[in-house]
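One structure is given below, encoded as structure tokens.
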Amino acid sequence: MRNSKLSKPNKWENFVMFVSLSKKRSVQILMLVGLLYILLVTTLEIPVVYRNGFNTLSQDRLTRPEKLGSEWDLQERPAPGRPFRRLIYRETESEAPARALVSSELRRTVRIISGLKFEPERFDPSSKDESFELLESAKVAWEVGGKLWEELESGKTSKAFKEDEEKKKRGSSSCPLSVSLSGSDLLARGNLIELPCGLALGSHITVVAKPRAAHSEMDPKITMLKGEDETVNVSQFIMELQGLKAVEGEDPPRILHFNPRLKGDWSGKPVIEQNTCYRMQWSSAQRCEGWRSSDDEETVDGQVKCEKWVGENGISSKEEHNKATWWLSRFIRRSKKVTVEWPFPFTEEKLFVLTLTAGLEGYHVSVDGRHVTSFPFRTGFTLEDATGLTVTGDIDVDSVIAGSLPTSHPSFAPQRYLELSSNWQAPSIHDEEVELFIGILSAGNHFAERMAVRKSWMQHTLIRSSKVVARFFVALHSRKSVNVELKKEAEFFGDIVIVPYMDSYDLVVLKTVAICEYGAYQLAAKYVMKCDDDTFVRIDAVLTEVKKTPMDRSLYIGNINYYHKPLRQGKWAVSYEEWPEEDYPPYANGPGYILSRDISHFIVKEFEQHKLRLFKMEDVSMGMWVEQFNNSVKSVDYVHSFKFCQFGCIENYLTAHYQSPRQMICLWDKLVMTGKPHCCNLR
């Protein structure tokens, strides 16, 4: 019995001992396996990584991160990710020295002046057709441009520019930190105060003024909702931030259109309307009508777009329809929380102090110390572009003061945006046939826009390998200092073709003809594309679209307008002398269209023989020339695609228009990282 009792503990102890030994052996086995794994990785995998890169998909050697050239690079650099490799051109080590040698030799002899022949002396003033006035303007502009170019080539302009710069350094700064005008001085200057170098983050403008009393108005645009003989009492004023003129003869863009309407709005209530107008196109308006923006609506630097105000009777606009409910709700809330409700910020014949501040995400307006509205930045605008402020309408201005202004502007300091790196220089052109030539219309002082294009879609592998060639086409600027910097830029980057005439909005059509001449005669490209410097182009997608049409067909592709009629009234009216027909011919919108080589040849030939009819709207002119070719030479395939976007950016775009420099970089980053066209909503 005793032995049987003792045997049980002995068995339990043996079992425990066995388990503990098993655990020790398991730990030893795991340690041995781990040691073997480390040895395996050390002897086999690490050498493979150093030979082939971090993954089996990449055959590139390990390289150090690219050096940041500036603060801009640091801000614009995207988050780490795997790029869509087929968009980026990778040259081999053996190609790099050869490319550098050929590129340097090419740049010594590259012709930066357009080969287009205008020959003003052959202009016949007696043949007065529809394009007579335009041809006469072109003759003068070409002669003036020729003289400017001769001065540039001789170095006279550069010498004068250096002397002016030295005088500016010795004298007062061309970009003052603050400016101010009295009401009388503002009136004497046409209600315009100049901001020589635009605005910067934190810049502020203060306007002290008094709205005038309402007056009777018979303007049909205002009285259209009333009876024919019924007048409307109106009191409103407009404050606008305007941009520097891109070219002579073109109205500056309205970067901010701020329009308080005390009386006279179609709603019958006091409102504040804000908007932008870029290259003759008004955007959608933001109206503040008396109620606060909803909580789920996006803010601007944390501020709501519209604050609440109450009407003359103390009732807010949104609650005016139900006074009983409003008084009841106000009474109930008062027992819990006292709220302060402000009236409309402007009152007839009452002085106000308005402050406009430039924030990170938009503009902020406060009146008499209270925030009233905020307006987000819109596509295509930068703070530096806001080089003037106008105050017009039913208002008497006492004074205007602008402070915390920037001390340099892209037009005066292009080196802020021009990164003189060989990475952005145009590649040499090979002997192989060019598939597509892209001519980019640009203005002389658009340094930032050109730099953004170089750093975005001009980095596509098809351009870097010279299967597709892109060049900027620029006319001479009225400011000689801009021409000096433009010539330096053209000589360094090798991607600018200067058309030697004095730039003018009505003469943009000459740049279009120069694009056809370069693409068809200088390069003999299969296809010629025209776009603007605020247009983003998906190179591979555009080529795919073009190749859907057989090579032996004449092609005109873009976002084509049919049966459009010219405007006969208003600011942009076209007279019957300029265009006697009732309809325009079918034409593709200017931001992006493509021609086959035979059409480009025809256009240049007709121009040089003085047989080409010119019109001030270059896209309509192109439609007219294509129609002439279609009727007299060969049938043309008109291919319409709304993906050549006229306004902004759409899903699966071929081209995106009105893209600011920051948006250009953003679109390219998204295209490289994902391989898909995603729009950017940067403001």
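A short reminder: the numbers here are calculations on the coordinates, not readings from a lab. For clarity, every value in this text was computed on a predicted model and none was experimentally measured. Cβ: placed from backbone, ideal geometry, glycine included. Neighbour counts: every protein chain shown.
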(request) Take each of the peptides 560-567, 146-153, 524-531, average the number of other beta-carbon atoms within 10 Å over its residues, and list them starting from the highest. (result) 524-531, 146-153, 560-567
(message) As an exercise, take the mean of 1/r over every pair of distinct alpha carbons in the stretch 476-593, invert it, and state the Kirkwood radius in angstroms.
(response) 17.4 Å
(request) Please provide three numbers in whole Å: the alpha-carbon extents of the stretch 576-644 along the principal axes, with the largest listed first. (result) 33, 27, 20
(request) Apply 1/(1 + (r/R0)^6) to the Cβ-Cβ distance of A188 and W282, taking R0 = 22 Å, and write down the FRET efficiency to the nearest 0.05. (result) 0.15
(request) For K676 and K269, compute 0.36 nm times the residue count separating them, minus their Cα-Cα distance, and round to one decimal in nm. (result) 141.9 nm
(message) Sort 605-618, 497-510, 533-546 by the packing proxy (mean of other Cβ within 10 Å over each peptide's residues), most packed first.
(response) 497-510, 533-546, 605-618
(message) Please compute the length gained on full extension between K147 and E432, using 0.36 nm multiplied by the number of residues separating them and subtracting their Cα-Cα distance.
(response) 98.9 nm
(message) Within 13 Å, Cβ to Cβ, of I560, how many net charges do the neighbouring residues add up to if Lys/Arg are +1 and Asp/Glu are -1?
(response) -2
(message) Sorting check: for 652-665, 176-189, 622-635, which peptide has the highest mean count of neighbouring beta carbons within 10 Å, and how do the rest follow?
(response) 652-665, 622-635, 176-189
(message) If R₀ is 41 angstrom, what is the calculated FRET efficiency for the pair S399 and E491, using the beta carbon separation as r and rounding to 0.05?
(response) 0.30
(request) Could you give me the radius of gyration and the Dmax of the stretch 633-683, taking only the C-alpha atoms into account and expressing both in angstrom? (result) 13.8, 47
(message) Treating only the Cβ of Lys, Arg, Asp and Glu as charged (+1, +1, -1, -1), what charge dipole size does the stretch 529-645 show about its Cα centre? Round to the nearest 20 debye.
(response) 200 debye
(message) Quick check on the stretch 528-683: what are the equivalent-ellipsoid semi-axes from the Cα gyration tensor, as sqrt(5λ), descending, whole Å?
(response) 30, 21, 13
